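Engineer: Structure incoming, see below.
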Ligand SMILES: [Zn+2]
Ligand SMILES: [Zn+2]
């Protein structure tokens with residue numbers, strides 16, 4: 001679908017087993033070749049969907065000269081390896097994300113051990129540990145890894161035909177997440193940083209860096225300063241109204257913080273205990289922890305942790321260890 005002259009949105013399906021909405025990739029016309037932003041999963045369905053939508057524009061894979069990945073999550077990066085083989089395109093990714101490719105998609109034993117240790121230390125019962133620890137292993141089959149040739153830091157400008165895309169580093173949802181801003185045309189390609197309906201997951205884990213939530217809120221507030229008419233997100237639909245959406249997301253996280261503080265008022269709790277006591281939203285549906293699938297349970301515990309650590313840094317909460325398990329409580333006077 002052509003969003004604006006020279007900018008097309010491609011809809012790429014999720015694997016059937018993962019009951020989720022599509023990934024939006026964007027294809028941008030240039031003088032020497034086309035720029036593809038995000039790839040979708042490595043499935044034959046996504047590959048065929050991309051091929052068909054390219055053909056509708058009169059293109060083949062060979063017309064793509066650069067593939068820019070907003071962040072290394074499998075729905076954005078999964079098909080990159082196969083697309084490089086078919087197109088000969090170069091891949092661009094933020095420097096921080098590149099370092100995670102090996103541990104997430106190639107040699108995963110270390111990451112699995114770290115994940116188990118984090119979940120155990122945050123109160124997940126032994127009987128639930130293996131399921132939560134291995135919940136994302138299945139996605140490995142949907143990723144064809146490739147090493148990026150172009151390393152991004154944020155601040156670069158990508159000249160693509162009549163467009164000038166500024167790379168903005170927006171850590172939080174993923175530590176090396178980037179958005180692309182076209183200042184003159186007032187367009188933001190927002191990846192998973194800002195979605196129109198879903199609140200992107202922000203969790204504390206071994207590939208998140210130490211401060212994912214403060215980083216996320218900071219990079220979200222930076223979006224509030226931009227003059228943008230149209231936001232092109234990686235899921236759901238194109239929308240206007242970046243500022244009101246940024247305010248909604250900020251408000252959502254403020255409410256989460258209050259809900260967590262309310263639980264802490266009852267006494268010391270682990271991140272797992274807190275996850276059991278606050279509501280979760282999955283695909284727009286509010287659920288209890290027990291209703292969540294294993295991967296969403298893991299994301300829930302790690303999301304609670306992402307909120308709890310800044311509460312400690314702000315002096316609102318404190319933590320103590322008992323038998324290797326971390327308990328959070330409100331600091332005196334709260
Ligand atoms: Zn993501
Ligand atoms: Zn995504």
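Where a number appears in this text, it was derived from the coordinates with a stated rule and is not lab data. None of these values were measured; they are calculated from a predicted model. With ideal geometry, Cβ positions are generated from the backbone for all residues, glycine too; neighbour counts draw on all protein chains shown.
Engineer: Which whole-angstrom value gives the distance between the alpha carbon centres of the range 250-280 and the range 76-137?
Structural biologist: Using only Cα atoms to place each centre, the spacing works out to 27 Å.
Engineer: PRE reach from residue 32 (point 7 Å along Cα→Cβ): which of the range 147-178 fall under 13 Å by backbone N?
Structural biologist: 159-161
Engineer: With runs of 4+ DSSP H residues as the only contributors, calculate the mean residue ellipticity of the chain at 222 nm using -39,500 (n - 2.57) per run, divided by the residue total and rounded to the nearest 500.
Structural biologist: -10000 deg cm²/dmol
Engineer: In a GNM of the chain with a 10 Å cut-off on Cα contacts, which of 237, 307, 94 has the highest mean-square fluctuation?
Structural biologist: 237
Engineer: After finding the eigenvalues of the alpha carbon gyration tensor for the range 130-232, what semi-axes result from the square roots of 5 times each, listed largest first in whole Å?
Structural biologist: 27, 18, 13
Engineer: Could you put 193, 73 in order, starting from the residue whose Cβ has the fewest other Cβ atoms within 10 Å?
Structural biologist: By the 10 Å Cβ count, ascending, the order reads 73, 193.
Engineer: Evaluate the distance, in nm, between pseudo-label points positioned 7 Å from the Cα of residue 137 and of residue 185 along their respective Cα→Cβ axes.
Structural biologist: Each label point is offset 7 Å from its Cα along the Cβ direction, giving 4.4 nm.
Engineer: Now a separate question. I need to check one value: relative contact order of the range 1-89, counting alpha carbon pairs closer than 8 Å and at least 6 residues apart, in percent.
Structural biologist: Reported relative contact order: 27 percent.
Engineer: Provide Rg and Dmax in Å for the chain, with only Cα atoms included in the calculation.
Structural biologist: Looking at the chain, its Cα Rg and Dmax stand at 20.2, 66 Å.
Engineer: What percent of all Cα-Cα pairs in the range 1-99 falls into each 10 Å bin, going from 0 up to the bin containing the maximum distance?
Structural biologist: Binned Cα distances yield the sequence 16, 54, 27, 3.
Engineer: Now for a different question. Using only the Cα atoms of the range 132-173, what do you get for the radius of gyration and for Dmax, in Å?
Structural biologist: 16.0, 47
Engineer: Further question: Relative contact order for the chain using alpha-carbon pairs under 8 Å, separation at least 6, rounded to a whole percent?
Structural biologist: It comes to 14 percent, rounded to a whole number.
Engineer: Quick one: plug the Kirkwood hydrodynamic radius of the range 226-328 (C-alpha pairs) into Stokes-Einstein at 25 °C, 0.890 mPa s, and report D in µm²/s.
Structural biologist: Diffusion coefficient, whole number: 159 µm²/s.
Engineer: Find the eigenvalues of the gyration tensor of the Cα atoms of the range 175-256, then list the square roots of 5 times those eigenvalues as equivalent ellipsoid semi-axes, largest first, in whole angstrom.
Structural biologist: Taking √(5λ) for each eigenvalue gives 21, 14, 12 Å, largest first.
Engineer: So what's the projected area for the range 2-60, the Cα convex hull averaged over all directions, in nm²?
Structural biologist: Its Cα hull, projected and averaged over all orientations, spans 4.1 nm².
Engineer: With the crude spin-label approximation of a point 7 Å out along Cα→Cβ, what separation in nm comes out for residue 293 versus residue 222?
Structural biologist: 3.2 nm
Engineer: In nanometres, what is the gap between the two model label sites at residue 127 and residue 252, each 7 Å from Cα along Cα-to-Cβ?
Structural biologist: 3.3 nm
Engineer: Okay, next question. Kindly state, to the nearest 0.05, the FRET efficiency for residue 321 paired with residue 52, given R0 = 41 Å and r defined as their beta-carbon distance.
Structural biologist: After rounding to 0.05, the efficiency reads 0.15.
Engineer: For the pair residue 60 and residue 107, what calculated FRET efficiency results from E = 1/(1 + (r/R0)^6), where r is the Cβ-Cβ distance and R0 = 41 Å, to the nearest 0.05?
Structural biologist: Given R0 = 41 Å and the Cβ-Cβ separation, E is 0.75.
Engineer: Would you mind ranking 224, 192, 109, 323 so that the residue whose beta carbon has the fewest other beta carbons within 10 Å leads the list?
Structural biologist: Least to most surrounded, the residues fall as 323, 109, 224, 192.
Engineer: Would you mind ranking 41, 280 by Cβ crowding within 10 Å, fewest neighbours first?
Structural biologist: Starting with the residue having the fewest Cβ neighbours, the order is 280, 41.
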